[in-house]
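Notes to accompany the following structure.
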Amino acid sequence: MSSIPDSLPATVAQQAAVAGKRPRRNPYLFFLLRRIGQALIVIFVVTVVVFALLQMLPGGPARGVLGVQATAEQIAQFNHEQGYDRPVWEQYILFLGRLLAGDLGQSYLLNMSVTDAITQRLPKTLLLTGLSLVIALVIAIPVGIFQAVRRNKGADYTLSTIAIVAYSTPSFFLGMLLIMIFSQNLGILPANAPQGETIAAVLAEPQRLILPVLTGAIPLVANFSRYMRSSALDNLSEDYIRTARSKGTPFRRVLSRHLLRNSLTPVVAMLGYQLPVMFGGALVIEQLFNYPGMGLLFWSAAQSSDFPVLLGCVLVISIATVVGSLLADIIQSVLDPRTRGGIA
Amino acid sequence: MTSQTVLQIDDLRVRFAGRDDFAVRGVNLDVSKGEVVALVGESGSGKSVTSFAAMGLLPRTATASGSIRVGSEHEVIGQPDGLLDGLRGRVVSMIFQEPMTALNPTMTLGAQIAEAVRNHTDSSKHEALERAVELMLLVGIPDAERRARQFPHELSGGQRQRIVIAIALACEPDVIIADEPTTALDVTVQAEILDLLRRLVRERGTGLMIITHNMGVVSDLADRVFVMRHGQVVESGPAERVLTNPTHEYTRTLLAAIPALPPAAFGGAEAAGGPHGFDAPEDPVILLRGVNAGYRVNGRLVPAVHDIDLAIGAGEFVGLVGESGSGKSTVSRIALGLLPASSGELMLLGQPMNRLKGRSARRLLREVGVVFQDPGGSLDPRKTAGESIAEPLAIHARGMSRAAKRARVAELLDAVRLPRDAASRYPHEFSGGQRQRIGLARALALTPRLLVADEPTSALDVSVQAEVLEVLRSLHADLGFGCLFVSHDLGVVNELTERVVVMRRGAIVEQGRTSDVLRAPRELYTQELLASVPSPDPIAQRERRAARAGLLEK
Amino acid sequence: MSFMKRFSQNRLAVIGLAILVIAILFVTIGPLVYPTDQIRTVLESADLKPGVEGHPLGTDSLGYDVLGRLMVGGRTSLLVGILAGLLATVIGTLWGAIAGYVGGIVDAVMMRIVDAGIAIPAIFLLLVLSSIVQPSEWIMILVIGFVSWLVPARLVRAESLSVKTRDYVVAARAMGGSHTRIVVQHIVPNTIGTVVVNATFQVADAILLVAYVSFLGMGLQPPATDWGAMLSDGLGLVYQNAWWLILPPGIAIVLVVCALNFVGDGLRDVFDVKGKTA
C-alpha cells in the first residue's frame, strides 16, 4: 500500500474520468449505504458478544425462559425442544431468529417479558440523556469558540481548568454534591426524579428533572467544550478564515458563518463515541435519583442476577449506540460536503 | 501621493512580539492606477509581512509603524478592526498563495463570492448571487451558474485560484495585492492566471501589487519592481531596467541563480521533421518497458501511467518533467520499487524488479538512492543527521564496524559540503537546503548506481537551490551515478540533464537530448509547456508570450 | 534534560505531578504511619462526626475510621486504576500499531471489532461480567483493561497511519529496509509520544471506571474497599448530611484524576513540540 500523491485527482468523478469509466451515479447514496452496512456489521458483532455472554450464564438460557423455579427435567426438555443441545452455531442462528422476532426472553423476577420491560423504560432514559445532551451542546459550543478566540488569556485558562475538574468528577459524586447543596441545605430542588409511567407524566414534573439532567449535562459540557475549543483553534489558523477577513467580513460573522460549521465536524464525530459513555452515565444517575428508566432497570437486574434483562439491556443499548453513531455520521456528511462520498 | 496612487507605503516597520529584530525595516513603496508593481524577495525578506500589513491582517503579536494608505486617502496602520473591515474587499483586496486551502470547504462557491458583495453593498441575496455568476464568467469559469452551487473540493487548483480572484474583484477595489498567486500552480496554469491578471488590470485600471520570488513572473507582468532583502528594499525601478541591468549586488546574485532556459524555436514537428532521436543506452541501469501502473483507491484500481518506455544508462543524467497529474512521481515510485507495475517490464541493473520479492528485492535496492522534495519530512526527526545518513549502511553493510561507519558519514558530509559536526545534530537544527544535502548524503552512502531525485529543490529558495544543485552536479561528476531527476522546472532540467522525458496525463509525450527538446520541441504540449515558462529576460519573455498565444490558437 | 525543563514550564502539570506523588505516599506510607483496623467492625462507634474520639475524619456506619479507610481504599483505587490503565494502553497500542501499519483487510477487520467494542457501554459490560464472576482485584484489573483498550487502539492506529506515509519511512523502504526495521526504528519512536500521553489519560479513566463499578456495588466485597465503594456506603446517609463520608473519597477521586489529566496535558505539550512538523 503506497501513499497516494497529490497529483491524483481529488474526486472520484475526476478519477473515474481519468480511468475512462463513468462516475458512480449518486456517490452520496453509495456513501449512506456503505455506512449503514458498516453499522449492521457492528450490530452483528454485538449480538455475537451478547450470545457469548449468554452461554457463560450459570444455568443457561433455559432459566431465562422458564424462570428460576424450573426443575431439572423441565430444563432438559426445554433444552431439547429449543435446540440448546445442538451445536453452538445452530444455537446462534436460533438466537438471531428470536432477536429478529423481538423476543428477548422472560425476566426472572419482573413477571413480564424483557421486551416489555425495556419498551416501558427506554423512552424515559432517552428523554433524560437527550435533554442532557442538548443542554450540554448549547453551552459547550459557544464556550469552546469563546475559548479559542481568547486563547491562553485568563478566561481560557480558567474555563479549561474548570472543565478538567468537571471531567474528573464521577457523576455520582457530582449528583450527591448537588443533592446535598440544593436539596438538603438550600431546599430549592427536589432530589427525586419524576416517577411517572409515561413521558407525559414525566414532563409534568419538570422541577424534578433539573438535578438529574444537570448531573448528566455537566460532564458532557466539560468534554465537548474541550473538543470544540481544540477544533475551533485548528480552524482559526486555516487559510479560509483569512480569506473571509480579507473580504471585509466582520469578525463576529467570520465566527458564525465560517468557523462554526467547520469546527463542528470533529465534535459531531465525538458524539458518536460519547453515546455509550452517556448511557453508562445514565445508569448511575437513574440509580442516584431513582428515575425509572433503563439504567435503573439494568441496575436492579444486576443486583438480583436477572440475566435475561441484563443481556436484553446490553443489546438494546448497544444498538441504540450504533444507531446514534450512524446519525452522527449522517449529520457530519450534511455539515461537510467533502464527506459525501468520493473522498475517503 | 497623487490622485493616481492606489497604494502608498511609507517607512513601514513591523516587529513581532518576542523578537528583537524587525521583520520589515523601513519600506517605501507605491502603486498607481492600472500599474503592476512586483515585490520580489526570498523567504525571510519580509515581502509577505508587508502585504499583510497593507491589508491590516497582521497577527496580534505584530506591531506596525509607519503609514500605509490605500485607495486615495485611507490609512491602514493603527486603525480599529471595524474600520478596516470596511476597507477590506472594497478598497483593497487580496489574492493568496495556496488556492487549495483558501476557500471555505463547506460553503458553495457562489455564496463565498456573494459574501464579498454583500459585505459592502445593500444587495439582496439573489442580486449578490447574480453578480457572483457574472464574476465567475469574467475570470474564466465556464458553466458558471451550475458551478456556483458547487463546493471548492470539486474544482482544481487553478480553478480555485480563479474563484479567489473573483472574490477579490467583487467590489471593484482600487488595488489588489496578490501574494505569490501562482507559486502553487502548474506552469501552464500559471501562464493562464497571469494572462487573466494582466487583462483585468488593463480593462479595469485596478492597481496590482504582486509578490513573488519568481523573476520570470516579474518580467511577464510587472511595470515596476521592488527587490526586498532582510526587511528592506534594496533596489527598485522599472522592471525592464532592473531585470536587464541590476545595480544592487543582491539583485544580481538573485538573477544569476535562476537556472536558464535556452532560446526556443516553436515551429514544432512539421518544421523540424519528425521526433527527436537519441541513443538508447546499451547496458541500462534501469529499464522500463511498456509499464502500466495505478493506485488502489477504495478498492478500485485507478490507472496512473500507461505504456512507459524509459531507460537510463550508467552515469546518465535524465530529467523527467511534467505538470501535476502527469505521472512523473508515479514513475519515480515505480523505479524505487515502491509501486508495483500492473504490466510491463521493469529491470533494475539487469534484474527483473517486478518479479523479485522480499529480501532479494530489498538487496537490489542498495544500488538505488533517493532524495525527496520536502526537506521537512524526509529525515526522521528523532534521529541525528549522522544516524540518518548511516541508515543505508545499517541495512546493507551490517559487517561494517562502527568506526568505519562514522568515517564514511564524515566522508559524505564533506562531499555535500557540510561541517563534520553536523552528524550529531537533529534535523530541526538545520535549514531546508542543509536538510536536502543531508538527504543527498544518505542517498549516496553506498555509492549507488542510480539516484532518484523527486523534485529535490522545488521547496527551496532560488539561491539555496543553486547551492544544492551545484553539490549534486559535482557529486555526479565525481561518482558517475545514473540519475532520474524528476522536476517541473524546465530551467533546472536544462542545466543538469543530458536527456529529458516529457510526460502528460500518464504518458510520455516527448523524449530526447535535453538541448534538442528544449531548443526545438516537436510536440504541441512540449511547446506549450516551454512557452508557458516565464523568462526573467523581458525581451525573451515577450517572444514567449507571443509564441504561446500562437500555440493556443491551434 | 530539556524534556524535564519543558515539562516544568507547565504549572498545572507540575501541580498535578505533586498531587500524584502525595497521593501515592498517602496510600502506601499512610497506613504505616497511621494504622487503623479496617477489618473488624466497631458498631458502637458508628457514624461519628470528625474530631470525635480521635477520628480526624469521623467513622462510617460500621465504625471504620474514615481517614484510615481513605488510605486503604485509595490503595485499591490507585492500584487497580494504574494497572488496568497500563494494560489497556499496551493492548490498544499493539492492536492499533499493527492495524495501522499492515493496513488493508487486516486493518478493516481489526477496526470493525474495535467499533463493536466501543458500541457496548463499558459499565454495562462490566456489571454483567461482575454478576457472573466474583470480582477480586486482579479480575477487576483484567476486566477494566479489556474494556478500555479500544480508545488507545483507534488513536495509535491513526498515528501509525500518519507516520507510515511520511517521507522518511518511504525513504527507508526505498533503501530496502525490512518491515521490522521500519516499525522498530521509525514508527515506534515517533508514536511513543502519543502512547505515553494516552497512557496517562487511560489511567485517569480507569480510576474513574473503578469508582463507578464499586459505587454500583459490583466491585470488591467488604471489608475490602475503595473510594467508589466508600461513596456508595455514604449514599444512604446523604439525607443526614453526613458530609465526612462523602466529601473525602469524592474529593480524593477528583484530585487524583485531575492531577493525571494535568500531567497528561503537560506531556502532550512536551511531545508535540518535537513530534509534529511546524
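Points worth noting:
- Answer residue from region C:32-76, given it is under 20 Å from C:Leu247 (Cβ atoms) and of a type in the set (Val, Ile, Thr) and is surrounded by the fewest Cβ atoms within 10 Å (Cβ to Cβ) among those: C:Val52
- Residue ID - nearest to the chain's Cα centre (by Cα), chosen from residues in region C:111-128 that are over 16 Å from A:Ile317 (Cα atoms) and hydrophobic (A, V, I, L, M, F, W, C): C:Val114
- Residues of region A:21-35 that are surrounded by 15 or more Cβ atoms within 10 Å (Cβ to Cβ), out of contact with any Gly (no Cβ under 6 Å at 6 or more places or on another chain) and either at pLDDT 70 or above or under 12 Å from A:Ile330 (Cβ atoms) (or both): A:Leu32, A:Arg35.
- Single match in C:Pro189, C:Pro152, C:Pro135 (criterion: under 29 Å from B:His396 (Cβ atoms) and either outside any helix (DSSP H, G or I) or not charged (D, E, K, R) (or both)): C:Pro189
- Within region B:426-481, the residues that satisfy the criterion of being of a type in the set (Val, Ile, Thr) and either away from chain C (no Cβ under 14 Å) or closer than 14 Å to B:Glu316 by Cα (or both) are B:Val452, B:Thr457, B:Val462, B:Val464, B:Val468, B:Val471.
- Applying the set (1) surrounded by fewer than 19 Cβ atoms within 10 Å (Cβ to Cβ); (2) within 14 Å of chain C (Cβ to nearest Cβ); (3) not polar (S, T, N, Q) to B:Gly290 leaves exactly one unmet item: (2).
- From the options B:Ser378, B:Ser332, residue that is within 14 Å of chain C (Cβ to nearest Cβ), of a type in the set (Ser, Thr, Tyr) and touching a helix residue (DSSP H, G or I) at 6+ places or on another chain (Cβ under 6 Å): B:Ser378
Yes/no matrix, rows are residues, columns are (1) in contact with an Asp or Glu (Cβ under 7 Å, 6 or more places away or on another chain); (2) modelled with pLDDT under 90; (3) assigned to a helix (DSSP H, G or I):
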| site | (1), (2), (3) |
| --- | --- |
| A:Leu133 | no, no, yes |
| A:Ala140 | no, no, yes |
| A:Val143 | no, no, yes |
| A:Asn152 | no, yes, no |
| A:Ala155 | no, yes, yes |
| A:Leu159 | no, no, yes |
| A:Ile162 | no, no, yes |
| A:Met176 | no, yes, yes |
| A:Ile179 | no, yes, yes |
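- Within region B:19-66, if we keep just the residues that are among the β-branched types (Val, Ile, Thr) and over 17 Å from B:Pro173 (Cα atoms), the residue that is farthest from the other protein chains (Cβ to nearest Cβ) turns out to be B:Val40.
- Search result, residues across region C:162-216 that are under 23 Å from the mean Cα position of the chain (by Cα), facing another protein chain (nearest Cβ under 7 Å) and among the aromatic types (Phe, Trp, Tyr): C:Tyr212, C:Phe215
Matching residues to (1) under 28 Å from the mean Cα position of the chain (by Cα); (2) surrounded by fewer than 19 Cβ atoms within 10 Å (Cβ to Cβ); (3) more than 19 Å from B:Leu460 (Cβ to Cβ):
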residue	(1), (2), (3)
B:Gly376	yes, yes, no
B:Ala385	yes, no, no
B:Pro392	no, no, yes
B:Ile395	no, no, yes
B:Ser401	no, yes, yes
B:Lys405	no, yes, yes
B:Arg420	no, yes, yes
B:Glu429	yes, yes, no
B:Gly432	yes, yes, no
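- The combined condition, being within 14 Å of chain B (Cβ to nearest Cβ), of a type in the set (Ser, Thr, Tyr), buried (at least 19 other Cβ atoms within 10 Å of the Cβ) and at negative phi, is not fulfilled by A:Ser237.
- Residue among A:Ser160, A:Ser225 that is under 28 Å from A:Leu264 (Cβ atoms), more than 14 Å from chain B (Cβ to nearest Cβ), touching a residue at least 40 places away in the same chain (Cβ under 8 Å) and surrounded by 22 or more Cβ atoms within 10 Å (Cβ to Cβ): A:Ser225
Residues checked against (1) surrounded by 18 or more Cβ atoms within 10 Å (Cβ to Cβ); (2) more than 20 Å from the chain's Cα centre (by Cα); (3) at negative phi:
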residue	(1), (2), (3)
C:Ala229	yes, no, yes
C:Gln240	no, yes, yes
C:Leu245	yes, yes, yes
C:Leu255	no, no, yes
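- Selection count, region B:497-507, where residues are touching a strand residue (DSSP E or B) at 6+ places or on another chain (Cβ under 6 Å) and buried (at least 17 other Cβ atoms within 10 Å of the Cβ): 6
- Residues in region B:315-329 that are of a type in the set (Asp, Glu) and facing another protein chain (nearest Cβ under 9 Å): 1 in all.
- Test: B:Gln112 is within 14 Å of another protein chain (Cβ to nearest Cβ), touching a Ser or Thr at 6+ places or on another chain (Cβ under 6 Å) and closer than 17 Å to B:Arg160 by Cα: no
- So A:Gln332, is it over 21 Å from C:Ala122 (Cα atoms) and either assigned to a helix (DSSP H, G or I) or within 11 Å of chain C (Cβ to nearest Cβ) (or both): yes
- From the options B:Pro99, B:Pro80, B:Pro59, B:Pro105, residue that is more than 25 Å from B:Gly34 (Cβ to Cβ) and crowded, with 22+ Cβ neighbours inside 10 Å: B:Pro99
- In this structure, A:Leu297 does satisfy being within 19 Å of A:Ser171 (Cα to Cα), more than 9 Å from every other protein chain (Cβ to nearest Cβ) and either part of a helix (DSSP H, G or I) or at pLDDT below 85 (or both).
- The residue that is farthest from B:Val218 (Cα to Cα), among those in region B:161-190 that are of a type in the set (D, E, K, R) and under 17 Å from the mean Cα position of the chain (by Cα), is B:Asp186.
- Members of region B:501-539 that are more than 15 Å from B:Leu320 (Cα to Cα) and either among the aliphatic types (A, V, I, L, M) or modelled with pLDDT of 90 or more (or both): B:Ala520, B:Leu524, B:Ala531, B:Val533, B:Ile539
- Within region A:244-274, the set of residues being facing another protein chain (nearest Cβ under 8 Å) and either of a type outside the set (S, T, N, Q) or touching a strand residue (DSSP E or B) at 6+ places or on another chain (Cβ under 9 Å) (or both) comprises A:Ala244, A:Arg245, A:Ser246, A:Lys247, A:Gly248, A:Thr249, A:Pro250, A:Phe251, A:Arg257, A:His258, A:Arg261, A:Tyr273.
- Failed item in (1) in a helix (DSSP H, G or I); (2) more than 25 Å from C:Arg154 (Cα to Cα), with C:Thr89 passing the rest: (2)
- Inter-residue pairs, beta-carbon under 6 Å, first free of Cβ contacts under 8 Å to residues at least 40 places away in the same chain and in region B:299-321, second among the hydrophobic types (A, V, I, L, M, F, W, C) and surrounded by fewer than 21 Cβ atoms within 10 Å (Cβ to Cβ), 6+ apart: B:Val302/A:Ala19; B:Ala311/B:Ala280
The values are calculated or read from the model by the stated rules, or taken from the named source; none is laboratory data. Just so it is clear, the model here is predicted, and its values are computed rather than measured. When we count neighbours, we look across all protein chains shown, and the Cβ atoms used for this are built from the backbone with ideal geometry, even at glycine.
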